[in-house]
Structures are given as structure tokens and as C-alpha cells.
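Let me begin by presenting the structure, written as C-alpha cells, before commenting on it.
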Amino acid sequence: MIEVKNLKKHFIAKNSMLGDEKELVHAVNGIDFQIHQGKTLGLVGESGSGKSTTGRLVLRLLEPSSGSIYLDGRDISTISNRDFRKLRKELQMVFQNPYSALDYKMTIEDILVQPLQIHKIVQPLEYRKEVYRLLDLVGLDKGSARKFPHEFSGGQRQRIGIARALSTKPRFIVCDEPVSALDVSVQSQILNLTMDLQKEFGLSYLFIAHDLHVIRHVSDDVAVMYLGKIVENGTAGKIFKSPRHPYTKALLAAVPGQKERVSEDRRRLHGEIPSAIRMPAGCAFHTRCPYAMKICSEEIPILKNHEGREVACHLYGR
Ligand code: SF4
């Protein structure tokens, strides 16, 4: 349903230390992936890996520097804003922060009616009935419609965010860290809700998270991102049972409670992710990789098939 080919996003940043000199930020650096109807691709990586930029590019909230985004085989990265507006209702987003994503001056009814009006989803006489239906879908009662966002807990606000995303009857939703701002106790309720809605409506998700617990819970396929590139991708079963890329192994080793099950060679992640302005030569992970060899700082590894998944690492496929 969604296919992304060689997608890149480079930002120009001013370097205050160097006066007016401009530098290029390689936020997304040539990535490919597919998301099938009714399936979830989990996109995981540390902060600064380019995950959220990827989500925004797919929805054209940001214009790509190059590359293509296909929806049902049609390239939507080059169509005019006017034509894209017609598709907008099919592609929605659930934001990370349920506190700031809702306008505090609007009632929940007004928040949910807005997309119904813009995209002409139902007749005006049916707005209220549709608002109640959306609230019911996300487990909130009709009385919620009259309230304001501040009257709800974080989990309830995220339910409202999901209801708003569903209001246009989308087929594809980017969920950008939708539970990271919530208490652990309510995270699984929201995750289960997104999965129930997926089954009911055949939704496809790009699910962005830094937390592997979350990714494991929801994903059919997983793509691991590091400094703007996908370094490993495959089915969730393969990635979690037998990760191959040293970065994937390190992310898994950092999951609490996972320690006993990880083999010794899955080392913990040390140091910080490098700047996307001054990218390391060769493999971007070589500055932190416990397996780095001479070739790693000289040659960029490309994604290659290895044991039923793709991995970009000189340890494999040589
Ligand atoms: Fe480590 Fe080299 Fe593989 Fe990069 S290519 S992940 S540095 S072994």
C-alpha cells in the first residue's frame, strides 16, 4: 500500500560558530520500505535517527529532498498540493504529545467536527452522531464531547487524538511515539486500542518508537534506523529472535528484563549518536560499534539479504 524508495531529506542549518556558513543536515539519507494493507511497520531507533522526519515525509508534512513515496502504486511525492489535499484524509497522524496536540480552547466535539467539516466526511446534521461514534470507538462516553482537553488524563487525551485521526476514515496512520508521554500503566491500553482499530478497519500503520517493548507489541515488520538510514529490516519475529546488525543487538540488549536472554556478544550501546551534519565516513555506526573493522570506516555498507532479512553491515554478505 505504501512504498518508499530512496527517500532523502536534507535540511540547511546555519552554523553560528562559523558566521553565515551553511551546513547540510542529513536527516533521512536514502531509505526504502513497504507497508502492506492492514499491517504495521515499526520504525525504531534512538532520538536523532530520523524516524519522526520519515513519518512527516510520508505524510508530506515535509517535502522530501529526493526519492519517491507511493500510495497504491501512485507516486504522491510529486503530485501538486491541490491533488494531495484530496488524498490527505486517507493519511493521518497520531502525535507524540497528547497534551499539546489538542487545542485547549476547543471542546472535544469541536476538535472532532473540524476534520469532518474540512473533508466533508458527513452532512452537518450528522456531526454530533459521528462525534459520539468516534468517542465510542476509542472507549470514551458521549459526555466527553462537551468537555475541554484539560479535563482528561494523558491516556484519555491520546484516545481523543486517535479519534481525531480516525474521523476522516483513513487507511494509513503514522503513529509518532504515541505512548512515550504516557504512564506505563496506560501505554498498553492505548497500544491495544490501536491494534483493535487496525483489525476493525484494516488500517496500516507506520509506528515510530524508540522503545523496543512498544515496537515488539505492535509490529508485523520492523525497520531499525540509525543516522538517517535503515540498517536492518525484516519481520518482527526475525528481528527480535535473531537480530544481526550490531546496532539492533545493542538496542535489544538495552531493554530491561532482556539481559538474561541476550547472548554475550550483544554489547550495550555506548556514546552518543553522532551529528547528522558531520556524518562519520564509511558505516555511520563504526564510531560506536564493538565489531568495527578497517573497512567499516572506509566503505558504506549497503542493505543485503541475510537469513531472511536485510542488514547493512560488513560482517555479513562479504
Ligand atoms: Fe559495525 Fe562495521 Fe557492521 Fe558498521 S559495518 S555495524 S562498524 S561491523
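Structure summary
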item	result
Sole residue being surrounded by 20 or more Cβ atoms within 10 Å (Cβ to Cβ), assigned to a helix (DSSP H, G or I) and within 23 Å of the chain's Cα centre (by Cα), chosen from Leu134, Leu57, Leu102	Leu57
Residue within region 134-152 that is touching a residue at least 40 places away in the same chain (Cβ under 8 Å), among the aliphatic types (A, V, I, L, M) and over 15 Å from Asn97 (Cα atoms) present	yes
Selection status of Ser275, among the small types (Gly, Ala, Ser), more than 10 Å from the ligand (Cβ to nearest atom) and surrounded by 13 or more Cβ atoms within 10 Å (Cβ to Cβ)	yes
Elements of type strands (runs of 3 or more DSSP E) contained in region 148-239, each with 2 or more residues being among the acidic types (Asp, Glu) and more than 30 Å from His286 (Cβ to Cβ)	none
Cross-chain or 6+ apart pairs with Cβ under 6 Å, region 227-248 first and without any contact (Cβ under 8 Å) to a residue 24 or more places away in the chain, then among the charged types (D, E, K, R) and near the ligand (Cβ under 10 Å from one of its atoms)	Pro243/Lys249
Tabulated pairs, region 296-318, first in a strand (DSSP E or B), second of a type in the set (Lys, Arg), C-beta under 9 angstrom, 6+ apart or interchain	His306/Arg244; Arg309/Lys238; Arg309/Arg244; Glu310/Lys304; Val311/Arg244; Val311/Lys304
Search result, residues across region 303-318 that are within 27 Å of the chain's Cα centre (by Cα) and either more than 11 Å from the ligand (Cβ to nearest atom) or exposed (fewer than 13 other Cβ atoms within 10 Å of the Cβ) (or both)	Leu303, Lys304, Asn305, His306, Glu307, Gly308, Arg309, Glu310
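All of the numbers you see were taken from the coordinates with simple rules; none came from a lab. Since we're looking at a predicted model, the values are computed, not measured. Every residue, glycine among them, receives a Cβ derived from its backbone with ideal geometry; neighbour counts consider all protein chains shown.
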